[in-house]
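Worksheet: one structure, shown below.
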Amino acid sequence: QVHLVESGGGLVQAGGSLRLSCVASGASFVFGPMGWYSQAPGKQRELVATITPTGTANYADSVKGRFSISRDNAKKTVYLQANNLKPEDTAVYYCNVRLFVGSADYWGKGTLVTVSS
């Protein structure tokens, strides 16, 4: 059984940084894309960033130049380095993993990021 375990959320002041991590516990491999999504209060979940197994990254326009996604395939872990955080980045951040292209999505339970002004 695959479980996504997220860590790294918390409270930070505007302009600060956080590093989120997500490990695909129980997975023998992760050959598909990994990513992060955010859901602010009262809003729909939306894409923050995704990364392919070969390292090609895709970002939401709102985080380009501030956030960086990376992955360690051997550790089955995806990271999100969030810099220059803004109050509007406040949300629950969810990890998403597909074990291979076209497989079902796995979601983490989410980690809360709160950015104070």
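How far, in nm, would the chain grow between ASP105 and ARG45 when pulled straight, counting 0.36 nm per residue and subtracting the alpha carbon separation? Display every interim value, and only then the final one.
Values: separation 60, 0.36 × 60 = 21.60 nm, distance 1.44 nm.
Separation in residues times 0.36 nm, less the Cα-Cα distance, equals 20.2 nm.
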The chain - charge dipole about Cα centre, Lys and Arg +1 at Cβ, Asp and Glu -1, debye rounded to 20: 120
Simple spin-label estimate for SER117 and ARG19 in nanometres, 7 Å along Cα-Cβ: 3.0
For THR90, residues with placed amide H under 5 Å, excluding near neighbours: VAL115
Neighbour count of at most 14 Cβ within 10 Å plus DSSP loop: longest chymotrypsin sites (Phe, Trp or Tyr not before Pro)-free window in the chain: 32-99
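Where only protein heavy atoms count, and the probe is 1.4 Å, what is the accessible area per residue for the stretch 1-88 in Å²? The partial results should precede the final answer.
On the way: 4840 Å² over 88 residues.
I get 55 Å² per residue for this part.
Filter the cross-link list LYS76/LYS109; LYS43/LYS75; LYS43/LYS109 down to pairs whose alpha-carbon distance in this structure exceeds 23 Å. Write down the numbers at each step before the final one.
On the way: LYS76/LYS109 17 Å; LYS43/LYS75 32 Å; LYS43/LYS109 17 Å.
From LYS76/LYS109; LYS43/LYS75; LYS43/LYS109, over 23 Å: LYS43/LYS75.
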Inter-probe distance in nm under a simple model that places probes 7 Å from Cα toward Cβ, at VAL5 and LYS75: 1.3
Amide H contacts under 5 Å for ARG66, placed H, 5+ residues apart: none
In sequence order, calculated HN-Hα J values of the stretch 87-95 (Karplus, 6.51, -1.76, 1.60; Hz; x Gly/Pro): x, 6, 7, 4, 4, 8, 9, 10, 8
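So, R0 is 30 Å and r is the distance between the beta-carbons of SER62 and ALA27; what FRET efficiency does that work out to, to 0.05? Write out the running numbers ahead of the final one.
Details: r = 30 Å, r/R0 = 0.98.
That pair, SER62 with ALA27, gives E of 0.50.
For the chain, what D do you get in µm² per second when you plug the Kirkwood radius from alpha-carbon pairs into Stokes-Einstein at 20 °C and 1.002 mPa s?
Working: Rh = 14.1 Å.
D = 152 µm²/s.
When 1/r is averaged over all different Cα pairs and the result inverted, which Kirkwood radius in Å belongs to the stretch 70-117? Please report the intermediate quantities before stating the final value.
Values: mean 1/r = 0.0790 Å⁻¹.
Radius from the Kirkwood sum: 12.7 Å.
Roll a 1.4 angstrom probe over the protein heavy atoms and tell me the percent of accessible area of the chain that is carbon or sulfur. Could you put the intermediate results ahead of the total?
Working: 3180 of 6320 Å².
The value for the chain is 50 percent carbon and sulfur by accessible area.
Given a 1.4 Å probe and heavy atoms of the protein chains only, how would you sort LYS109, LYS64, largest accessible area at the top?
Of LYS109, LYS64, the descending order of accessible area is LYS109, LYS64.
The values are calculated or read from the model by the stated rules, or taken from the named source; none is laboratory data. Values in this document were obtained by computation on a predicted structure and should not be read as measured data. No Cβ is skipped: glycine too gets one built from the backbone with ideal geometry, and neighbour counts run over all protein chains shown. Surface accessibility is based on the protein's heavy atoms, side chains included, excluding ligands, DNA and RNA. Shrake-Rupley method; radii C 1.70, N 1.55, O 1.52, S 1.80 Å.
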